[in-house]
Amino acid sequence: MSIAKAKIAGGAARVALLAGCGLALAGCDTLSSINPFDRTERYKMEIVAEVPAEQLYNDGLVRLERGDSEGAAKKFAEVEKQHPYSDWSRRSLIMTAYAHFQGLRYEDSINASRRYLQLHPATPDAAYAQYLLAMSHFNQIPDITRDQERSEKALAALQELVDRYPRSEYVSDARQRIVVARDQLAGKEMEVGRFYLQRRNYTGAINRFRDVVAKYQTTRHVEEALARLTEAYMAMGIVPEAQTAAAVLGHNFPDSPWYRDSFTLLQSGGVAPREDSGSWISRAFRGLSTTRTAGG
């Protein structure tokens, strides 16, 4: 068979096949009967009546009063969806953040608060959004045996509230919580420092205690940090720094039991507290009053 005849024969076979398919389909109604997108009766447009923004907002408030914070958040979110760019949408966004906060869904509250601050940074409720964001981090601060990332985020957010909105009604509470967050971070440094000290890793211990003295002077941990520095420096034979740490401790906390321990330790080595004004310890405390130091 020639090539031309083979092609013709093949074409005829395809035609016969298609014809057979057509006959098979003829036994059915039409092609539309097997077309799922040709059934218009199944796709009816439904027009949903728009609920007034005020009604949705008030429904959210009612749910909040009943303790249904999750349901309230959904209602406030619906306001944003149905009435974007309206004042009701702005008010609903801050209420969404609050509803999530009330329901202890802190990550959702953080996200809503951030969104509010991005969209409405100059509005009267911006300070409250920043406060909710900071408190959502603050309420997740773990004990000092765990990672303190939340403490750092809470401290940063609280400080931003104080710096950006100094006249806000939330500043006073923020300042108190800053003290707590800083104390938590200092406590973590002390825990790690003691761990190193017990294992005679004096360099590692000094670095941790140094952070407390340099960064967290107003916390309650600074007395122990100075005493531990005295101990670590004496163990390493760096006597002048040990003397300075004890002298600074005695100057700022003369009645501290930590100072008594440090004084005794130096005496056992045949030396006494003596401040070296060129030491980093002395420079860290220069100009810092006793009252401020004890502020934690």
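The values are calculated or read from the model by the stated rules, or taken from the named source; none is laboratory data. Since this is a predicted model, take the numbers as computed values, not measurements. Positions of Cβ are generated from backbone atoms using ideal geometry, with glycine treated the same way; all protein chains shown enter the neighbour counts. Just so you know, the surface numbers come from the protein's heavy atoms only, side chains and all, with ligands and any DNA or RNA stripped out. Shrake-Rupley method; radii C 1.70, N 1.55, O 1.52, S 1.80 Å.
Packing around the peptides 161-169, 208-216, taken as the average count of other Cβ atoms within 10 Å per residue, puts them in this order, highest first: 208-216, 161-169.
For the range 252-258, 3J(HN,Hα) computed residue by residue from phi via the Karplus equation (6.51, -1.76, 1.60; θ = phi - 60°) reads 8, 9, x, 9, 6, x, 5 Hz, glycine and proline entered as x.
Anisotropy class assigned to the range 67-170 is oblate, per the alpha carbon gyration tensor with a/c at or over the 1.5 cut-off and a/b no larger than b/c. Protection proxy ranking of 63-75, 226-238, by the mean of other Cβ atoms within 10 Å over each peptide's residues and highest first, is 226-238, 63-75. For the range 181-291, the average shadow cast by the Cα convex hull is 6.2 nm², which is a quarter of the hull's surface. How large, in percent, is the carbon and sulfur part of the accessible surface of the range 132-287 at a probe radius of 1.4 Å? Roughly 46 percent, rounded to a whole number.
Amide H to amide H, with H built 1.01 Å from N, residue 276 comes under 5 Å of 244, counting only residues 5 or more places away or on other chains.
Sorting 89-97, 138-146, 241-249 by average packing, meaning the other beta carbons within 10 Å per residue, from highest down gives 241-249, 89-97, 138-146. With contacts taken as Cα pairs under 8 Å and at least 6 residues apart, the range 94-134 reaches a relative contact order of 42 percent.
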